[in-house]
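As structure tokens, the structure follows; a few thoughts come after it.
The values are calculated or read from the model by the stated rules, or taken from the named source; none is laboratory data. Quick caveat, the model's predicted, so the values are computed rather than measured. Every residue, glycine among them, receives a Cβ derived from its backbone with ideal geometry; neighbour counts consider all protein chains shown.
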Amino acid sequence: MPETVIEVRNVSKSFKSVQAVKGISLDIRKGQFVALLGPNGAGKTTLVEMIEGIQKPDSGEIHIMGKKWKGNENEIHRIIGISLQETRFIDKLRVSETLLLFAGFFDLGAERVEEIIRIIGLEDKKSAYVVNLSGGQRQRLALGIALLNQPAILLLDEPTTGLDPVARREIWDILFKLKEKGETSMILTTHYMEEAESLCEYIVIMDEGVILREGTMDQLLDEGSDGKVVEFTSDAGLLPAEPDPAGLPFHIRTNATRDRGSVRLRNFDTDLPAFLDYLKSHNISLRHLECRRKTLDDLFVELTGRAINE
């Protein structure tokens, strides 16, 4: 078992009357890429800020490489890299000058800066002023700063929010290459399901300051829950407001107008015929039917009763 690099034990944090984090415990191991997944207001950023040392917990303990923040600030700062939701740069500094500025905090020189510029793919922008960078290029620069000191722990707080799909993929590609080396542990906060699934092998689903579920993708999507989803559209009009509960191995969810629905099937071979028989017995004909594996978005709806972006 890889060594634990981050230990969070019964951590809570409140802001006035709002309890943002409620008694969370979490372990992050060496080389592990972990996604903190949840909607805005779930407590993801507050938890990460406590791990970063920006916020202090009201209660509980956090250890980074076995050490508390208090009294070990300089040592911990040298082994972590941080990229926040938004990074403010000095507009009239060039890309290379910005990286040299931050490299100086770690006694690093131009050679490491050139290496980082190659890693983040900004060779053609190294002499450009930061003010002239696109949103995606600015985020790659922020990621490059976080990687300057070759951190053992990388903390990224929604690094692709607001980026177009191409710019988001460019960030992913950098992180894929970092993951292949297996030397860095990463915590990524995001509300993009696809981002969590693509980048991270361990998922922590948060909402309202607590952890709802955590595990690998297979554990979250397969263990103890319905594994297949059937989405359908009724051709004849309204679906029944409430499905007949007697003997049904599934639950049907419908939209507000009850002409579209979905059903989760635990045992596909037996439950799908039962579902089709149910439709036939209620004289429901379908215009569209699609079967797919359950996703993290489906799981979040199952746990909370709403979509992650609601």
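Things to note:
- Answer from Thr270, Thr233 - the residue that is assigned to a strand (DSSP E or B), at pLDDT 75 or above and out of contact with any Phe, Trp or Tyr (no Cβ under 7 Å at 6 or more places or on another chain): Thr233
- Filtered residue count, segment 93-140, keeping only those that are under 26 Å from the mean Cα position of the chain (by Cα) and outside any helix (DSSP H, G or I): 5
- Selection of segment 43-81 for residues being closer than 19 Å to Met206 by Cβ, among the hydrophobic types (A, V, I, L, M, F, W, C) and in contact with a strand residue (DSSP E or B) (Cβ under 7 Å, 6 or more places away or on another chain) yields Leu47, Val48, Met50, Ile51, Ile62.
- Cβ separations smaller than 9 Å between residues 6+ apart or across chains give the following pairs from segment 114-135 residues that are within 17 Å of Phe102 (Cβ to Cβ) and in contact (Cβ under 8 Å) with a residue 40 or more places away in the chain to residues that are among the basic types (Lys, Arg) and in a helix (DSSP H, G or I): Ile119/Lys177; Ile120/Arg140; Val130/Arg138.
- Single unsatisfied condition, Val34 versus (1) under 21 Å from Leu199 (Cβ atoms); (2) modelled with pLDDT under 95: (2)
- The set of residues in segment 265-310 being loosely packed, with under 11 Cβ neighbours inside 10 Å, among the small types (Gly, Ala, Ser) and either in contact (Cβ under 8 Å) with a residue 60 or more places away in the chain or not assigned by TED's automatic domain parsing to the domain that holds Asn255 (or both) consists of Gly305 alone.
- Lone qualifier among Ile80, Ile51 - being among the β-branched types (Val, Ile, Thr) and either at pLDDT below 95 or over 18 Å from the mean Cα position of the chain (by Cα) (or both): Ile80
- Matching strands (runs of 3 or more DSSP E) fully within segment 1-58 where at least 1 residues are over 26 Å from Gly182 (Cα atoms) and out of contact with any His (no Cβ under 7 Å at 6 or more places or on another chain): 4-15, 18-29
- Flag if Glu180 is under 27 Å from Ile76 (Cα atoms), outside any loop (DSSP other than H, G, I, E, B) and without any contact (Cβ under 8 Å) to a residue 12 or more places away in the chain: yes
- Checking each residue in segment 172-199 for being acidic (Asp, Glu) and more than 17 Å from Gln139 (Cα to Cα) picks out Glu180, Glu183, Glu194, Glu197.
- Test: Gly261 is closer than 30 Å to Pro165 by Cα, modelled with pLDDT under 85 and not aromatic (Phe, Trp, Tyr): yes
- Residue check, Ile62 in a helix (DSSP H, G or I), β-branched (Val, Ile, Thr) and either closer than 23 Å to Val210 by Cβ or in the same structural domain as Arg140 (by TED's automatic domain parsing) (or both): no
- Answer residue from segment 1-31, given it is among the small types (Gly, Ala, Ser) and on the phi > 0 side of the Ramachandran plot and is modelled with the highest pLDDT among those: Gly23
- Check on Arg140, surrounded by fewer than 19 Cβ atoms within 10 Å (Cβ to Cβ), assigned by TED's automatic domain parsing to the domain that holds Leu108 and either of a type in the set (Lys, Arg) or at pLDDT 95 or above (or both): no
- Test set (1) surrounded by 14 or more Cβ atoms within 10 Å (Cβ to Cβ); (2) assigned to a loop (DSSP other than H, G, I, E, B); (3) over 23 Å from the mean Cα position of the chain (by Cα) - Lys70 fails condition number: (1)
- Residues of segment 289-309 that are part of a loop (DSSP other than H, G, I, E, B) and within 16 Å of the chain's Cα centre (by Cα): Thr295, Ala307, Ile308, Asn309.
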